[in-house]
Amino acid sequence: MLKTSFWTNVFIAGGLVFLAFIFYLGAIHLPNSDPEKTLQTLSLGREFDTSGKGTRNNMTDQISPHIIEFGKARVWYQEKVPPDPKCDVLLLHGQAFISQTWVNLGTFDELTKAGCRVVGLDLPGYGKSWMASRGQDPVPSEGFLHRFITGVKLNKPFIISPSMSGGFSIPHLMEHPNDISGYIPVAPIATDKYKSDDYKKIKTPTLIIYGEEDKTLGVTSYEMLKNLPDNQVHVLPKAKHPCYLDQPEMFHKLVIEFIQRNRNN
């Protein structure tokens with residue numbers, strides 16, 4: 001009786017460990033992704049992106065996935081390209097989100113309709129970039145965007161940067177302001193790492209957006225960003241910290257109008 005109970009317990013414990021492993025894989029597998037396609041993408045990345053230059057597939061009817069390598073780290077991104085792109089747009093994301101957020105929101109579609117080549121990435125340590133690097137992303141935030149933009153051959157992109165991604169975009173704005181056609185911060189972090197005089201030197205056209213109900217980061221980031229000489233600000237009504245989720249139509253309209261005004265500068 002004791003022997004049977006022992007092996008029963010072993011069997012149950014083994015089953016629980018197996019189920020835990022399956023749930024773990026499910027936890028890191030993101031919504032709207034296909035495991036087989038993900039593995040194919042990873043192997044393609046190993047074969048074609050080892051130089052760190054990235055690959056592009058100009059598909060006009062769908063969003064195409066890619067992987068670019070920086071040393072031992074891999075960064076996953078997706079892009080959509082209209083038939084005759086007029087400008088490039090780089091979509092970053094906040095801590096609770098990934099590039100797929102912009103796909104689901106319709107931002108990829110709206111921007112490509114407006115003639116933009118759109119690239120959205122999962123920042124190092126997040127989403128499929130985390131999966132592709134097996135949880136190890138030794139990529140410092142400072143300097144990363146310049147390397148990524150160069151690697152995927154973005155031409156003076158407009159950069160949309162919400163919340164956490166400010167840790168990547170603010171240093172890039174300070175170091176490479178002439179490489180950006182326009183900056184669209186959405187309550188970003190890291191604005192306090194620089195002085196007001198540093199912002200006053202930057203001539204990059206800037207569209208500051210934050211939600212009316214974002215009384216913390218939205219307000220504090222604005223206090224620094226307002227020192228940018230060429231700025232305009234829009235506070236989205238009845239919107240929280242990720243204001244683009246609460247007011248997507250208004251957000252898209254403001255962004256597209258801003259891009260159209262500044263893409264030929």
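The values are calculated or read from the model by the stated rules, or taken from the named source; none is laboratory data. As the structure is a computational prediction, the values presented were derived from the model and not from experiment. Cβ sites come from the backbone with ideal geometry, for glycine too, and all protein chains shown count toward neighbours. We work out accessible area using only protein heavy atoms, side chains counted, and drop any ligands, DNA or RNA first. Shrake-Rupley method; radii C 1.70, N 1.55, O 1.52, S 1.80 Å.
Any chance you could count how many residues in the range 211-265 are under 20 Å from LYS193 (Cβ atoms) and not β-branched (Val, Ile, Thr)? Spell out the reasoning first.
The first filter runs over the range 211-265 and keeps only residues under 20 Å from LYS193 (Cβ atoms), leaving 214, 216-229, 231, 241.
Restricting the remaining residues to those that are not β-branched (Val, Ile, Thr) gives 214, 217-218, 221-229, 231, 241.
Counting residues in the range 211-265 that are under 20 Å from LYS193 (Cβ atoms) and not β-branched (Val, Ile, Thr) gives 14.
Checking the structure you have, find out if any residue of the range 206-222 is closer than 19 Å to SER141 by Cβ, buried (at least 17 other Cβ atoms within 10 Å of the Cβ) and at pLDDT 95 or above. Checked the range 206-222: at least one residue is closer than 19 Å to SER141 by Cβ, buried (at least 17 other Cβ atoms within 10 Å of the Cβ) and at pLDDT 95 or above.
Please return the ranges of strands (runs of 3 or more DSSP E) entirely within the range 97-209 where 1 or more residues are farther than 28 Å from THR220 by Cβ. Qualifying strands (runs of 3 or more DSSP E): 116-121. When LYS153 is tested against (1) under 19 Å from PRO85 (Cβ atoms); (2) surrounded by 19 or more Cβ atoms within 10 Å (Cβ to Cβ); (3) within 18 Å of the chain's Cα centre (by Cα), exactly one condition is not met: (2).
Number of residues in the range 166-179 that are in contact with a Ser or Thr (Cβ under 6 Å, 6 or more places away or on another chain) and surrounded by fewer than 22 Cβ atoms within 10 Å (Cβ to Cβ) equals 2.
A residue that is in contact with a Phe, Trp or Tyr (Cβ under 9 Å, 6 or more places away or on another chain), assigned to a strand (DSSP E or B), at pLDDT 95 or above and more than 17 Å from GLU175 (Cβ to Cβ) occurs nowhere in the range 242-251.
Go through the range 223-244 and count every residue that is within 25 Å of GLN260 (Cβ to Cβ), free of Cβ contacts under 8 Å to residues at least 60 places away in the same chain and either small (Gly, Ala, Ser) or crowded, with 19+ Cβ neighbours inside 10 Å (or both). Working first, answer last.
If we filter the range 223-244 for residues that are within 25 Å of GLN260 (Cβ to Cβ), which is where we start, we get 225-226, 228-237, 239, 242-244.
Filter once more, so that each one left must be free of Cβ contacts under 8 Å to residues at least 60 places away in the same chain: 225-226, 228-237, 239, 243.
Cutting the leftovers down to either small (Gly, Ala, Ser) or crowded, with 19+ Cβ neighbours inside 10 Å (or both) gives us 225, 228, 236, 239, 243.
The total comes to 5.
Among residues of the range 245-265 that are open to solvent by less than 70 Å² (accessible area, probe 1.4 Å), those with a beta-carbon under 8 Å from a residue that is among the acidic types (Asp, Glu) at least six positions away or on a different chain give the pairs HIS252/GLU110; ILE256/GLU110.
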